[in-house]
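Novice: Structure below; questions to follow.
The values are calculated or read from the model by the stated rules, or taken from the named source; none is laboratory data. Bear in mind that the values here come from a model prediction, so they are computed numbers and not experimental data. Counting neighbours? That spans all protein chains shown, and the Cβs are built from the backbone with ideal geometry, glycine included.
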Amino acid sequence: MASSSKPTPLLKDELDIVIPTIRNLDFLEMWRPFFEQYHLIIVQDGDPSKVIKVPQGFDYELYNRNDINRILGPKASCISFKDSACRCFGYMVSKKKYIYTIDDDCFVAKDPTGHEINALEQHIKNLLSPSTPFFFNTLYDPYRDGADFVRGYPFSLREGVPTAVSHGLWLNIPDYDAPTQLVKPHERNTRFVDAVMTIPKGTLFPMCGMNLAFDRELIGPAMYFGLMGDGQPIGRYDDMWAGWCIKVICDHLGLGVKTGLPYIWHSKASNPFVNLKKEYKGIFWQEEIIPFFQAATLSKDCTSVQKCYIELSKQVKEKLGTIDPYFVKLADAMVTWIEAWDEINNSAEVKTSDKASEAGPK
Amino acid sequence: MSQVIINDNEVDIVIGALHSNLTPFMNEWKSIFSRFHLIIVKDPALKEELQIPEGFSADVYTNSEIERVVGSSTSIRFSGYACRYFGFLVSKKKYVVCIDDDCVPAKDDAGNVVDAVAQHIVNLKTPATPFFFNTLYDPFRKGADFVRGYPFSLRSGVDCALSCGLWLNLADLDAPTQALKPTQRNSRYVDAVLTVPTRAMLPVSGINIAFNRELVGPALVPALVLAGEGKLRWETVEDIWCGLCVKIVCDHLSLGVKSGLPYVWRNERGNAIDSLKKEWEGVKLMEDVVPFFQSVKLPQSATTAEDCVIEMAKSVKEQLGKVDPMFLKAADAMAEWVKLWKSVGSA
């Protein structure tokens, strides 16, 4: 059923905005009209003695490295230092159903008519409407106003499945890797593609953490952003790692991942030489990591996100451990993350509903 | 990215004439079509003479030519929308573009006329990327590229065999959907081309497509014909079936299928509610075919489109034949089509 033009619920008591920062939060001024009603979780990376000023009027909790160490104790080892991957600590301590995470160099974009884009509202629309991973709809998201399923789309698949992740895009500085940045330093993304679509089951994608929202209850424990930054051989693969893990798990559990709108305006191009050093190993490793995730299967007993994630960590250790000892460390950190998640959230395993795992053909 | 050069001699535009007066349609497209060779196939059921305007280089095929080429004993019906497949069969060009006769050129958001033929050819001549999803869509478009995290070994892509365009105004919705929303029109111009990932199925609409005939020609099969098939798209599923087959073939042969631009402007025709009765059969059949297409596997020994279609025909007969006799007919038509393709090709 296509959506009507009902107003989008604000979800102000059900959604937390998680922002990693090492500098300042000036960018929040531009977002004020859209973010002010929401609770913010700020994860301060780097030197904990630095004071990060939060603009007046925002309701927030802030965690620096000392807080992370205090709260998690020895398990804090799974949270990256000197890398925005630390943001996933915010996901863990949130008590809300939904998370929106955004980088501190991302601003409000304008659509082709010149209107400011309320990115959060679009993410909420994406998360609150179903996904359609089992059959590609050529008119993209069929639940958007003005769209629908096309002729030939099986009726039995039109109910869709719950949406776990909404992946937004960026105008201006595109999310390129270091080699591409070096070759095309002046390329800017000026193309506004007015579409949201479900990434089909069985297809992996590069998930960028700059403008990302997800249903914490459906997929939260799998949103671990890995071991990056200080003391680690790799950087700028935190969101990628999480993206491959969540996609395998979403495919297994019958959940959907959407990509496309909303756009934000990405203002800062990081130094490509610095990036190259961080990404270097990743560029080689991903050639083996991708086939691993493409072939990964989870057993039928993996009925919860945590179970899926633990099983995945075992496969990571076994199959990727031979590439580099880093992956053995990472696999262990994945387990530590789940233990910490369950402890903090005091929860029984987050079970997906029966409906989610039965919907659509497997 | 290097410029794509479109060679006029590489392209055939196939027009299935379901209505006798092609003049308004062809004149609307004149500035875009006139540099290319046209193959016009007249629906054998159409009684009136075709009216074709001047200024085009076209070959016209009617029932007598069809019978001469394919003979009279064939399980393949070239009536209605299926008449276009005859054009695919006799074309000698590398690329075929096919647009329904109720469509005219669209305009993009800047008001520029969309050259649908050029866009289709660009889609076909630039690589597809079915093994990993690029979040900035077609990485080969100007102003775009592969994003961070896209494996380098997959960046050369594969050949694109099929290009599926879209429609502004009257989108290709099925009859029940259009009947429920009689005033819904598609006004959203989505400025993207993307590769449909491997193993993902999609409903290919025959209204606005192009393909690489050398790579997948035989895989576009006029096989599934509804008993009550009519002259409106709402009353057919032949293109949907065909598209599912082509996607399986492409996935197996590591070829790409793109969807998105170009748009055409599709005009009003017919009444969705009237078509409901006829299309229901197609809607039901779709439910039967989905599990089949999700699981069908082709053997390693199938290395050409012809091989793939023959193997698919066997699977269709075995697995779907008992579900509905329509599928037995489809399987026969698929096998027959390959034979026809080979004999016409060698003539």
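Novice: Would you pick out the residues in the range B:267-299 that are farther than 25 Å from B:A219 by Cβ and modelled with pLDDT of 80 or more? Steps first, answer last, please.
Specialist: So the first thing to find is which residues in the range B:267-299 are farther than 25 Å from B:A219 by Cβ, and the list is B:267-278, B:280.
Of everything in the range B:267-299, just one residue is farther than 25 Å from B:A219 by Cβ and modelled with pLDDT of 80 or more, namely B:N267.
Novice: Can you name the residue in the range B:287-325 that is surrounded by 14 or more Cβ atoms within 10 Å (Cβ to Cβ), of a type in the set (D, E) and more than 14 Å from chain A (Cβ to nearest Cβ) and is also farthest from B:H252 (Cα to Cα) among such residues?
Specialist: Top of the filtered list is B:D324.
Novice: Between a residue in the range A:115-135 that is surrounded by fewer than 24 Cβ atoms within 10 Å (Cβ to Cβ) and any residue that is hydroxyl-bearing (S, T, Y) and in a loop (DSSP other than H, G, I, E, B), which pairs come within a Cβ distance under 7 Å, given they are 6 or more apart or on different chains?
Specialist: Note: pairs meeting the criteria are A:E121/A:T8; A:I124/A:T8; A:K125/A:T8; A:S129/A:S3; A:S129/A:Y143; A:P130/A:Y143.
Novice: Could we say that B:V114 is under 30 Å from A:T113 (Cα atoms) and surrounded by fewer than 24 Cβ atoms within 10 Å (Cβ to Cβ) here?
Specialist: Values: under 30 Å from A:T113 (Cα atoms): yes; surrounded by fewer than 24 Cβ atoms within 10 Å (Cβ to Cβ): yes.
The answer is yes for B:V114.
Novice: Among B:P176, B:P222, B:P182, which is in a loop (DSSP other than H, G, I, E, B) and surrounded by fewer than 20 Cβ atoms within 10 Å (Cβ to Cβ)?
Specialist: Numbers: B:P176 fails: in a loop (DSSP other than H, G, I, E, B); B:P222 fails: surrounded by fewer than 20 Cβ atoms within 10 Å (Cβ to Cβ).
The conditions single out B:P182.
Novice: Looking only at the range A:127-179, how many residues end up being within 14 Å of another protein chain (Cβ to nearest Cβ) and in a helix (DSSP H, G or I)?
Specialist: Initial filter on the range A:127-179 (within 14 Å of another protein chain (Cβ to nearest Cβ)): A:131-159, A:165-179.
Within this subset, residues satisfying the condition of being in a helix (DSSP H, G or I) are A:155-157, A:178-179.
Final tally of qualifying residues: 5.
Novice: Residues of the range A:184-199 being surrounded by 24 or more Cβ atoms within 10 Å (Cβ to Cβ) and facing chain B (nearest Cβ under 7 Å), which ones?
Specialist: A:I199
Novice: With the structure loaded, tell me whether B:A179 is small (G, A, S), out of contact with any Lys or Arg (no Cβ under 8 Å at 6 or more places or on another chain) and closer than 30 Å to B:E306 by Cα or whether it fails that test. Spell out the reasoning first.
Specialist: Working: small (G, A, S): yes; out of contact with any Lys or Arg (no Cβ under 8 Å at 6 or more places or on another chain): yes; closer than 30 Å to B:E306 by Cα: no.
No.
Novice: Looking at (1) in contact (Cβ under 8 Å) with a residue 40 or more places away in the chain; (2) outside any loop (DSSP other than H, G, I, E, B), which is the one condition that is false for A:K96?
Specialist: Of (1) in contact (Cβ under 8 Å) with a residue 40 or more places away in the chain; (2) outside any loop (DSSP other than H, G, I, E, B), only one is false for A:K96: (2).
Novice: Let me ask something else about it. When residues of the range B:155-172 are filtered for being in contact with a Lys or Arg (Cβ under 6 Å, 6 or more places away or on another chain) and surrounded by 19 or more Cβ atoms within 10 Å (Cβ to Cβ), how many remain?
Specialist: Taking the range B:155-172 first, the residues in contact with a Lys or Arg (Cβ under 6 Å, 6 or more places away or on another chain) are B:160, B:163, B:167, B:169-170, B:172.
Filter once more, so that each one left must be surrounded by 19 or more Cβ atoms within 10 Å (Cβ to Cβ): B:160, B:163, B:167, B:170, B:172.
Matching residues across the range B:155-172 total 5.
Novice: From the set of residues in the range B:149-174 that are touching a residue at least 60 places away in the same chain (Cβ under 8 Å) and within 30 Å of A:E279 (Cα to Cα), which is farthest from the other protein chains (Cβ to nearest Cβ)?
Specialist: Within the range B:149-174, the match that is farthest from the other protein chains (Cβ to nearest Cβ) is B:D159.
Novice: Given the criteria assigned to a loop (DSSP other than H, G, I, E, B) and out of contact with any strand residue (DSSP E or B) (no Cβ under 7 Å at 6 or more places or on another chain), does B:E281 qualify? Break it down into steps so the answer makes sense when it comes.
Specialist: On the way: assigned to a loop (DSSP other than H, G, I, E, B): no; out of contact with any strand residue (DSSP E or B) (no Cβ under 7 Å at 6 or more places or on another chain): yes.
For B:E281, the condition - assigned to a loop (DSSP other than H, G, I, E, B) and out of contact with any strand residue (DSSP E or B) (no Cβ under 7 Å at 6 or more places or on another chain) - is not met.
Novice: Limited to the range B:36-55, what total is found for residues that are under 25 Å from the mean Cα position of the chain (by Cα) and more than 12 Å from B:L22 (Cα to Cα)?
Specialist: The qualifying residues number 8.
Novice: I've got another one for you. Out of everything in the range A:200-218 that is among the aliphatic types (A, V, I, L, M) and under 22 Å from A:E287 (Cβ atoms), what residue ends up being farthest from the other protein chains (Cβ to nearest Cβ)?
Specialist: So the first thing to find is which residues in the range A:200-218 are among the aliphatic types (A, V, I, L, M), and the list is A:204, A:207, A:210, A:212-213, A:218.
Okay, now just the ones that are also under 22 Å from A:E287 (Cβ atoms), so A:204, A:207.
Numbers: A:L204: 6, A:M207: 8 Å.
Ranking the qualifying residues of the range A:200-218, first place goes to A:M207.
Novice: Moving on. Need a quick list: helices (runs of 4 or more DSSP H) entirely within the range B:59-149 having at least 1 residues that are under 16 Å from the mean Cα position of the chain (by Cα). Working first, answer last.
Specialist: On the way: elements: B:63-70, B:83-90, B:116-125.
Here the list reads B:83-90, B:116-125.
Novice: Among the numbered criteria (1) facing another protein chain (nearest Cβ under 9 Å); (2) closer than 17 Å to B:K258 by Cβ, which one does B:T177 miss?
Specialist: With respect to (1) facing another protein chain (nearest Cβ under 9 Å); (2) closer than 17 Å to B:K258 by Cβ, B:T177 is out only on (2).
Novice: Quickly run through the range B:2-32 and pick out the residues that are in contact with a strand residue (DSSP E or B) (Cβ under 9 Å, 6 or more places away or on another chain), farther than 16 Å from B:N212 by Cα and assigned to a helix (DSSP H, G or I).
Specialist: Listed by number, the residues that qualify are B:T23, B:P24, B:F25, B:M26, B:E28, B:S31, B:I32.
Novice: Also, quick follow-up: Residues being part of a loop (DSSP other than H, G, I, E, B) and of a type in the set (K, R): count how many of those fall in the range B:33-57.
Specialist: Keep residues of the range B:33-57 that are part of a loop (DSSP other than H, G, I, E, B), which gives B:34-36, B:43-50, B:52-56.
Then keep just the ones that are of a type in the set (K, R); that gives B:35, B:47.
Counting residues in the range B:33-57 that are part of a loop (DSSP other than H, G, I, E, B) and of a type in the set (K, R) gives 2.
Novice: Sticking with this structure for a sec: Would you please name the residue that is surrounded by the fewest Cβ atoms within 10 Å (Cβ to Cβ), looking only at residues in the range B:197-215 that are under 20 Å from B:I15 (Cβ atoms) and more than 8 Å from chain A (Cβ to nearest Cβ)? Steps first, please.
Specialist: Looking only at the range B:197-215, we keep the residues that are under 20 Å from B:I15 (Cβ atoms), and these are B:204-213.
If we keep only those that are more than 8 Å from chain A (Cβ to nearest Cβ) as well, we get B:206-213.
Details: B:G206: 23, B:I207: 24, B:N208: 23, B:I209: 25, B:A210: 28, B:F211: 27, B:N212: 21, B:R213: 23.
Checking each candidate, the answer is B:N212.
Novice: Within the range A:314-345, track down each residue that is without any contact (Cβ under 8 Å) to a residue 12 or more places away in the chain and either surrounded by 19 or more Cβ atoms within 10 Å (Cβ to Cβ) or closer than 15 Å to A:C245 by Cβ (or both).
Specialist: Across the range A:314-345, the qualifying residue is only A:F327.
Novice: Continuing with the same structure: Kindly indicate the residue of the range A:149-183 that is β-branched (V, I, T) and crowded, with 19+ Cβ neighbours inside 10 Å and also nearest to B:K181 (Cα to Cα) among those meeting that condition.
Specialist: Taking the range A:149-183 and keeping what is β-branched (V, I, T), we get A:150, A:161, A:163, A:165, A:173, A:180, A:183.
Now drop any that are not crowded, with 19+ Cβ neighbours inside 10 Å, which leaves A:150, A:161, A:163, A:165, A:173, A:180.
Numbers: A:V150: 13, A:V161: 23, A:T163: 25, A:V165: 29, A:I173: 40, A:T180: 45 Å.
That would be A:V150.
Novice: On the basis of being under 16 Å from A:I199 (Cα atoms), modelled with pLDDT of 95 or more and hydrophobic (A, V, I, L, M, F, W, C), does A:F136 make the cut?
Specialist: On the way: under 16 Å from A:I199 (Cα atoms): yes; modelled with pLDDT of 95 or more: yes; hydrophobic (A, V, I, L, M, F, W, C): yes.
Answer is yes for this residue.
Novice: If you go through the range B:299-326, how many residues are of a type in the set (S, T, N, Q), touching a residue at least 40 places away in the same chain (Cβ under 8 Å) and assigned to a helix (DSSP H, G or I)?
Specialist: Residues in the range B:299-326 being of a type in the set (S, T, N, Q), touching a residue at least 40 places away in the same chain (Cβ under 8 Å) and assigned to a helix (DSSP H, G or I): 0 in total.
Novice: While we're looking at this one, here's another question. Among the residues in the range B:256-273, are any within 14 Å of another protein chain (Cβ to nearest Cβ), assigned to a helix (DSSP H, G or I), hydrophobic (A, V, I, L, M, F, W, C) and touching a residue at least 24 places away in the same chain (Cβ under 8 Å)?
Specialist: yes
Novice: Out of (1) over 24 Å from B:F78 (Cα atoms); (2) part of a strand (DSSP E or B), what's the single condition that is false for B:F211?
Specialist: (1)
Novice: Looking at (1) buried (at least 22 other Cβ atoms within 10 Å of the Cβ); (2) more than 9 Å from chain B (Cβ to nearest Cβ), find the lone condition where A:M240 falls short.
Specialist: Unmet condition: (2).
Novice: Assess whether B:F146 counts as being aromatic (F, W, Y), free of Cβ contacts under 8 Å to residues at least 40 places away in the same chain, surrounded by 18 or more Cβ atoms within 10 Å (Cβ to Cβ) and within 30 Å of A:T203 (Cβ to Cβ). Steps first, answer last, please.
Specialist: Numbers: aromatic (F, W, Y): yes; free of Cβ contacts under 8 Å to residues at least 40 places away in the same chain: yes; surrounded by 18 or more Cβ atoms within 10 Å (Cβ to Cβ): yes; within 30 Å of A:T203 (Cβ to Cβ): yes.
Answer is yes for this residue.
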